[in-house]
Amino acid sequence: MFGQQRGDEGKGRIVDMLAQESDLVARFNGGSNAGHTVVLPDGRELALHIVPSGIAHEHTVNIIGNGAIVDPVRFASEIADIEKRGIAVTPDKLKVSSSAHLVLPHYKYLEEIREMGHSAQGSTKAGIADTYAAKAQRAGVRTERLLGDHAALITVVKEGLQSVGLNRSKNKLPPVDIDADVKEYAAAMKILQPFVTDTSVYVNERLQKGASLLAEGAQAFLLDVDHGMYPYVTSSNTTAGGVATGLGIAPTTLSKSVGVVKAVQSHVGGGPFVTEIFDEKILSKLHGDMSTIDAEKGTTTGRVRRLGYLDIAGIRRANMVNGTTELALTKLDWVPRYGKKIKVCTAYTHRGETLAMAPDSAWALEKCEPVYEELSAWDEDITEVRSFSKLPTAAQDYVKAIETWTGLPITHIGVGPRRDQVITR
Ligand code: GDP
């Protein structure tokens, strides 16, 4: 399951639903910068950041694969938060790859300094980029180190923290409380340690015995480090290829690729946004009431999102790279907020040429203009509708038009944020 746009597509709830039919649910990329919101059957919200979305299901084993990265402090606080909701998190239910890299505490301080300068990218300051950079430089530390002597690792952690001191004072930032950070990290290392195992062997053995696996993509297509709008991307592969490398399974294992598309195109952070809306009147409706769960603001960052019209040209590219076999469309209930007529971008123009598919670079995207088609909106409230045939004709036509433009069936339709507010076809 992958996000086909720019993140925040509503993947959490879709993956949570798909997890009901899966024996294994795995994260293969990214770290605690993801932020899925799962709504439990009793209406309570569960904000997940690194823990896979199958955690609320008793029968599901959740995997944090080698392609993901783990910050022990955030991991410890996330599982404490989940347990507070009455959901047990044990090593039987959650397994962390011994090859996943650790986010060391000084990485987030390095990021903080970088975010102050010219190369600021509006990152989540969770140390993600530095962890992946260290991995690529072969200077990273993997969770396997937690299985050995913690004293040696604590020295590495301390030296890392000491190394940022000079840079902080140069940037007029207060000194780091090294002892407090080391103490917190060391305590979290102990909490994380029992979950660490060779998940590649575990997953492959379970697959051979017939288990079903759901790979949960964090972030989204346009944030993929190779296929997204570089450099406005994350540091890992968010697309289908990342599943095999990020879990240690064969690409041939994948039989189905579900792409999640949000009817309200949104983006957090910098970068080109071909269909962006600047009309405050439309924006205020589309942003929604900031106190509600489905307002267009970031789960992890709280930042208000940039919003635009649905972009089929971008989705076509995501479908190609991910080998998408079906789509889940979320937030159909919000579409009438665009107005009586709904614009959908079905192609771009670029230097006088019409493009059915988005180009692969931010640089080219900056020069693209949207080509819009218009559909009619509907007045009816659809949040309690549970079958496709009961949707207003205009809503059905909207869904069918997206199927035609993308060439893919839409199998799930979100009509509200609750777990039961989905039409399955
Ligand atoms: P993710 O980052 O892709 O996992 O996105 P989330 O799962 O956090 O979803 C983003 C927000 O959209 C959350 O507040 C969800 O509750 C909300 N949401 C998801 N699907 C729908 C939908 O169909 N309708 C409405 N109104 N809200 C939705």
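The values are calculated or read from the model by the stated rules, or taken from the named source; none is laboratory data. Computed from a predicted model, the values in this text were never measured in an experiment. Cβ coordinates were reconstructed from backbone atoms using ideal geometry, including for glycine residues, and neighbour counts include every protein chain displayed. Areas reflect the complete protein model, heavy atoms only, side chains present, ligands, DNA and RNA absent. Shrake-Rupley method; radii C 1.70, N 1.55, O 1.52, S 1.80 Å.
Of the residues S53, A358, A151, the one whose Cα sits farthest toward the positive end of the charge dipole of the chain, with +1 on the Cβ of Lys and Arg and -1 on the Cβ of Asp and Glu, is A151. Among the lysines of the range 100-195, pairs that are 8 or more positions apart or on different chains and have alpha carbons within less than 17 Å of each other number 8.
Taking every Cα-Cα distance in the chain and sorting them into 10 Å bins starting at zero, the pair-distance distribution P(r) comes out as 5, 22, 31, 25, 13, 4, 0 percent. Springs join every pair of Cα atoms under 10 Å in this Gaussian network model of the chain, and among T406, T131, T253 the largest mean-square fluctuation is at T253. The trypsin sites (Lys or Arg not before Pro) found in the range 84-179 that occupy coil by DSSP, while having at most 15 further C-beta atoms within 10 Å, are R85, R138, K172. On full extension, the segment bounded by L166 and E83 gains 25.9 nm, given 0.36 nm per residue less the C-alpha separation.
Shown here for the range 255-327: chymotrypsin sites (Phe, Trp or Tyr not before Pro) in loop regions (DSSP other than H, G, I, E, B) with at most 12 other Cβ atoms within 10 Å, namely F278. Only Lys, Arg, Asp and Glu carry charge here, each on its Cβ (+1 for the first two, -1 for the last two); on that basis the range 244-392 has a dipole of about 220 debye about its Cα centre.
With the helix formula -39500 (n - 2.57) applied to DSSP H stretches of n ≥ 4, the chain reaches a computed 222 nm mean residue ellipticity of -9000 deg cm²/dmol.
Estimated from the Cβ-Cβ distance and a Förster radius of 45 angstrom, the FRET efficiency linking K367 and T411 is about 0.80. Taking 17 Å as the straight-line reach from the Cα of K400, the lysines in range (excluding those fewer than 8 positions away in the same chain) are K262, K331, K341, K343, K390.
Segment A356..S387, full-extension length gain: 8.0 nm, with 0.36 nm per residue of separation and the alpha-carbon distance subtracted. Kindly identify the range 198-276 as rounded, prolate or oblate by the Cα gyration tensor criterion: order the square roots of the eigenvalues as a ≥ b ≥ c, call it rounded if a/c is under 1.5, otherwise compare a/b with b/c, prolate if a/b is larger, else oblate. Prolate is the answer for the range 198-276, as a/c is 1.5 or above and a/b outweighs b/c.
For the chain, the solvent-accessible area of protein heavy atoms averages 42 Å² per residue (probe radius 1.4 Å; ligands and nucleic acids excluded).
Roughly how many percent of the accessible protein surface of the range 100-195 is carbon and sulfur, given a 1.4 Å probe and a whole-percent answer? Result for the range 100-195: 54 percent of the exposed heavy-atom area is carbon or sulfur. In the range 100-195, Cα pairs under 8 Å separated by at least six residues give a relative contact order of 31 percent. With contacts taken as Cα pairs under 8 Å and at least 6 residues apart, the chain reaches a relative contact order of 19 percent. For the pair E21 and Q396, what calculated FRET efficiency results from E = 1/(1 + (r/R0)^6), where r is the Cβ-Cβ distance and R0 = 30 Å, to the nearest 0.05? After rounding to 0.05, the efficiency reads 0.70. The A139 and H59 beta-carbon pair, evaluated with R₀ = 35 Å, returns a calculated FRET efficiency of approximately 0.35. Sparse packing (at most 14 other Cβ atoms within 10 Å of the Cβ) combined with a DSSP loop state is found for the following trypsin sites (Lys or Arg not before Pro) in the range 268-346: R303, K340.
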